[in-house]
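Structure record follows, encoded as structure tokens.
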Amino acid sequence: HVTKSLAKSRRRLAHIKFTMDAAFGQVIRAAAAAPRPGQDGTWITSAMVETYIEVHRRGQAHSVEAWDGSELVAGLYGVSASGVFTGESMFTRVTDASKLCVLWLVERLREKGATWIDVQVITPHFAMMGAREISREDYLARLTRATTLSLP
């Protein structure tokens with residue numbers, strides 16, 4: 001769901017360029033370093049960074065990057081397995097740029113036939129974009145249907 005304010009941000013940030021898998025290491029490290037209000041530190045340890053980078057090298061972890069010229073201003077990363085993209089974390093240095101990364105990813109995944117993304121935790125950020133919790137039964141049914149896709 002694109003709210004009026006997000007549509008306005010999309011117009012305001014029309015100069016931002018998006019790429020996929022162009023800077024995976026930078027994205028995961030920036031996500032690990034991103035301040036998290038109300039949290040003491042990050043769950044993304046250095047060992048996890050190295051593991052995810054290896055998973056990326058194997059073609060199963062992907063990043064979306066938002067660039068303002070040559071500056072990386074936002075990004076997200078996640079794992080793609082069995083036709084499902086599971087979002088792991090994101091960061092932003094420009095208001096709403098990470099949300100635009102999500103929208104860009106959704107457009108690419110739709111082109112591949114995907115109909116959902118596993119965001120794992122419904123934050124206000126994702127709820128505003130239309131995320132909703134589903135039952136385990138529904139999740140497993142969706143997972144079964146998704147195994148025929150090749151993402152991203």
Every pair of residues 6+ apart whose Cβ atoms lie under 8 Å, when the first sits in the stretch 20-33 and is under 13 Å from C101 (Cα atoms) while the second is basic (K, R) and in a helix (DSSP H, G or I): M20/R108
Test for T42: is it over 15 Å from L13 (Cα atoms), free of Cβ contacts under 8 Å to residues at least 12 places away in the same chain and either of a type in the set (F, W, Y) or touching a helix residue (DSSP H, G or I) at 6+ places or on another chain (Cβ under 9 Å) (or both): yes
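Laboratory data are not the source of any read-out in this text; all were calculated from the coordinates shown. All values derive from a computational prediction rather than experimental measurement. Virtual Cβ from ideal backbone geometry, glycine too; neighbours counted across all protein chains shown.
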